[in-house]
1. Which of HIS93, GLY27, ALA47 sits farthest toward the positive end of the charge dipole of the chain, with +1 on the Cβ of Lys and Arg and -1 on the Cβ of Asp and Glu?
2. Note down, for segment 80-166, the three equivalent ellipsoid semi-axes (square root of 5 times each alpha carbon gyration tensor eigenvalue), biggest first, whole angstrom.
3. Where does helix 28-42 land angle-wise versus the long Cα axis of the chain, in degrees 0 to 90, nearest 10?
4. Treat every Asp and Glu Cβ in the chain as -1 and every Lys and Arg Cβ as +1, leave all other atoms uncharged, and give the resulting dipole magnitude about the Cα centre to the nearest 20 debye.
5. Report the Stokes-Einstein translational diffusion coefficient (µm² s⁻¹, integer) for segment 1-136, Rh taken as the Kirkwood radius over Cα pairs, at 4 °C with viscosity 1.567 mPa s.
6. What is the angle, in °, between the Cα long axis of helix 77-94 and the longest principal axis of the Cα atoms in the chain? Nearest 10 is fine, range 0 to 90.
7. Using only Cα atoms and rounding to the nearest 10 degrees, what angle (0 to 90) does helix 114-136 make with the longest principal axis of the chain?
8. Scan segment 74-164 for trypsin sites (Lys or Arg not before Pro) in coil per DSSP, keeping those whose Cβ has at most 10 other Cβ atoms within 10 Å, and list them by number.
Amino acid sequence: MPLVIRLDGKDATKNKEINLLDKSETGFLGALIKSAYYFSQKYKCYAVIGSDEISFICENPMDIISDMGSDKSPHSNEIISVFSQFFFQYFNHFDHHKIVYWHAKCFSIPKEKVISYVKYRSRIIENVLVTYFLKRNGKRMGNIKIEEKLKACELIEGYKEFQKYKNGLLYYCGEEISLDDFLKGKIVTKENDVNDMFSEII
């Protein structure tokens with residue numbers, strides 16, 4: 001069963017010193033992208049990133065477990081502890097604006113639920129980033145539907161660039177892949193082909 005490790009940047013959305021959309025060499029998004037490339041390649045896994053979070057989805061949990069010299073339980077506290085330390089060190093090497101602490105969770109999901117999980121995280125990322133984008137541009141819209149918030153975003157300078165990141169980004173084995181294609185059931189595998197085996201659940 002695939003292993004998921006999800007990390008959230010502690011208080012990153014509230015910290016005015018952190019710009020979640022800064023994709024520069026030393027920015028938050030830039031460091032998140034570098035981390036997604038590095039860890040997805042190292043552990044031959046998927047990484048979905050956006051806002052203040054990153055999820056790694058490993059088809060073969062032993063790719064991670066054996067590297068840590070841990071026991072064979074994918075849910076052990078040791079996995080969460082060691083991996084979050086690896087991630088903390090790597091991420092904060094690049095993001096020079098503020099040290100970010102990461103809260104990690106570790107769990108398994110059935111293979112047929114991988115697309116649903118990525119879709120769910122993508123929706124959360126969009127909701128957080130749209131609200132964040134509006135707030136950074138001086139617009140507080142309260143508790144209204146995401147569709148209304150998106151219309152307001154379209155009127156803000158920089159929306160075209162923001163659109164590239166608002167639903168999150170997806171990586172596999174060190175390469176960015178299409179999130180839209182993935183959510184349509186075109187799953188990239190370790191053999192670098194495309195597999196529609198999950199398309200019936202969409």
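1. Checking the options against the dipole of the chain, the answer is GLY27.
2. Ellipsoid half-lengths, sorted descending, are 29, 20, 11 Å.
3. Once rounded, one gets 20 degrees.
4. Working: 29 positive and 28 negative charges, 156 e Å.
Result for the chain is approximately 740 debye, rounded to the nearest 20.
5. On the way: Rh = 15.2 Å.
For the chosen part, D equals 85 µm²/s.
6. With rounding to tens, the tilt is 50 degrees.
7. 30 degrees
8. On the way: sites: LYS98, LYS105, LYS111, LYS113, LYS119, ARG121, ARG123, LYS135, ARG136, LYS139, ARG140, LYS145, LYS149, LYS151, LYS160, LYS164; in loops: LYS98, LYS139, ARG140, LYS145, LYS164.
Here the trypsin sites (Lys or Arg not before Pro) that fit, given the DSSP loop and packing criteria, are ARG140, LYS145, LYS164.
Rule-based calculations on the coordinates, nothing more; no lab input. Source: prediction; values computed, not measured. Here Cβ is always computed from backbone atoms with ideal geometry, including for glycine, and neighbour counts include all displayed protein chains.
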